[in-house]
Amino acid sequence: MKPVKIGLLGLGTVGTGVVRIVEGNQEDLSSQVGSPIIIEKIAVKNTEKDRVIPIERAKLTEDPWEVIRHPDIDIIVEVMGGIDQTKEYILEALERGKHIVTANKDLMALHGSEILAKAQEKQCDVFYEASVAGGIPIIRTLIEGFSSDRITRIMGIVNGTTNYILTKMSQEGASYEEVLAEAQSLGYAEADPTSDVEGLDAARKMAILSTLGFRTNVELKDVTVKGISAVTREDITYAKRLGYELKLLGIADRSDDEITISVQPTMVRQNHPIASVNGVFNAVYVHGEAVGETMFYGAGAGELPTATSVVADIVAVTKNLKLGVNGVKAIVPYKQKRLQSDEQIFSKNFILLHVDDKAGVLAQITQIFAEYEVSLASVVQQPNEHNPDAEIIIVTHNASKASMDKVLKHFESLNVIRRIKSVYRVEG
Ligand code: NDP
Ligand code: HSE
């Protein structure tokens, strides 16, 4: 039984977990695939750095090309991150007939179609289960589990860092900055955590999921993105008071083959299962025409949960190697992409306004909603605890994005409105 040899690019949070699982579960793994799995070479930035696991010094290199060009390596496992240079490594590895396992959503969301096309040309596998929702096998589920159905909605918490931050702010009243630092030290956040908190990481994951679920090529530019950096404890308090939790939700909807995808902080009804997904946990809700509602839950980031998905991909590639069927599973999106217009995108909305505390203000505001045919579910006015303004909290019924944009634009020119403090989508 010839061993299967792995070249690892990266030995950080995820890479360390991959080594631990491959070594710790070797017996189970090799019995599943029929040969030992060996980590042959590992590229890191700094070979002198102290490692949290024992690693043979001779296996380390600071030159990723040494791993890519290594003649004995069958599978490249890319867990170092990066986009342009990393793409070069992956394309060259494929050119050399090596299979790829990656956790890199940035790369797959931006260059997935080029990489998958190259893989097909070279009859190689490219698996990227860990790139979305860490330890939840959601990519395999979309490709295989739902192959017979037509998916109409994918909705989820797909970023562990922001869910960790929002949970701590909600449950412990912790400050945003303090919790972000904690998430970074736990290895959840990206090298540049801006991509977590500004929603880009979640947007890339939603582009990957909706490409697979809707079988059309969803690009990052197709995803409307708003992050959590402007969320305040006050917003979270209001959400709770009204019976909601504030979550960074990715929502991808399909209706008559027209699709819309967004990532935004959303008020989720406390009785919806997604509202109780806390900490670094992720959850993806999938609705299919035939299957109805399904939901998948698990750790969305962190060393071992993410490495579990990476190593499961190594097993899948290795089984294909033994069967001689690599490169046949690539899902090539075939449907023409049609995006919904702002008139077709509907949601409920929460709006918090700071207004002059005087007669007739509420009437002016409700008049504007009426003008753009936005119907209101509830309106509450109360004095502001900290200044002489009044606060108006409004929840709308379903309204089109086009109408809501017009309402908010009109509000900007209304003298009695001091500040549009917050606007959030409402689910459930
Ligand atoms: P880390 O920053 O912890 O680790 C990156 C590793 O790559 C380090 O070992 C680093 O070397 C090495 N590296 C970076 N640049 C180079 C380079 N140019 N040449 C050689 N080696 C390099 O990242 P993570 O493990 O957290 O993330 C890795 C990938 O997995 C990313 O794409 C991330 O988005 C994705 N991911 C991460 C998850 C998580 O929970 N952390 C979850 C899901 C996906 P050195 O150790 O010497 O610094
Ligand atoms: N930074 C990402 C997150 C890692 O927090 O979800 C997992 O992709």
Checklist outcome for this item: Per the filter on the range 366-420, residues part of a strand (DSSP E or B), closer than 10 Å to I351 by Cβ and touching a residue at least 24 places away in the same chain (Cβ under 8 Å) are I392, I393, I394, V395, T396, I420
Item to check | Residue match in the range 243-265 (condition: open to solvent by 40 Å² or more (accessible area, probe 1.4 Å), within 16 Å of ligand 1 (Cβ to nearest atom) and not acidic (D, E)) | outcome: no
Item to check | Close pairs (6 angstrom Cβ cut-off, 6 or more residues apart or separate chains): of a type in the set (K, R) in the range 4-31, away from ligand 2 (no atom under 16 Å from the Cβ) anywhere | outcome: K5/I38; K5/E40; K5/D72; K5/I73; K5/D74
Item to check | Options V380, V407, V374: the member that is under 30 Å from I274 (Cα atoms) and in contact with a Phe, Trp or Tyr (Cβ under 8 Å, 6 or more places away or on another chain) | outcome: V407
Item to check | Residue in the range 1-44 that is surrounded by the fewest Cβ atoms within 10 Å (Cβ to Cβ), counting only those that are within 16 Å of ligand 2 (Cβ to nearest atom) and in a loop (DSSP other than H, G, I, E, B) | outcome: G12
Item to check | Selected residue [over 22 Å from S210 (Cβ atoms), away from ligand 2 (no atom under 16 Å from the Cβ), surrounded by fewer than 24 Cβ atoms within 10 Å (Cβ to Cβ) and under 28 Å from the mean Cα position of the chain (by Cα)] from E95, E48, E88 | outcome: E88
Item to check | Residues being acidic (D, E) and either assigned to a strand (DSSP E or B) or within 13 Å of ligand 1 (Cβ to nearest atom) (or both) - total across the range 69-89 | outcome: 3
Checklist outcome for this item: Flagged in the range 171-229 as within 10 Å of ligand 2 (Cβ to nearest atom), within 24 Å of G112 (Cα to Cα), open to solvent by less than 70 Å² (accessible area, probe 1.4 Å) and at pLDDT below 95, in numbering order, are Y188, A189, E190, P193
Checklist entry - What about S185, is it within 16 Å of ligand 1 (Cβ to nearest atom) and without any contact (Cβ under 8 Å) to a residue 24 or more places away in the chain? => result yes
Checklist entry - Among Y297, Y285, which is the only one that is open to solvent by 20 Å² or more (accessible area, probe 1.4 Å), aromatic (F, W, Y) and either within 30 Å of K122 (Cβ to Cβ) or in contact with a Lys or Arg (Cβ under 9 Å, 6 or more places away or on another chain) (or both)? => result Y285
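The values are calculated or read from the model by the stated rules, or taken from the named source; none is laboratory data. What you are looking at is a predicted structure, and each value in this text was computed from that prediction instead of being measured. Note: ideal-geometry Cβ built from the backbone for every residue, glycine included; neighbour counts use all protein chains shown. Note: areas computed on protein heavy atoms with side chains; ligands, DNA, RNA excluded. Shrake-Rupley method; radii C 1.70, N 1.55, O 1.52, S 1.80 Å.
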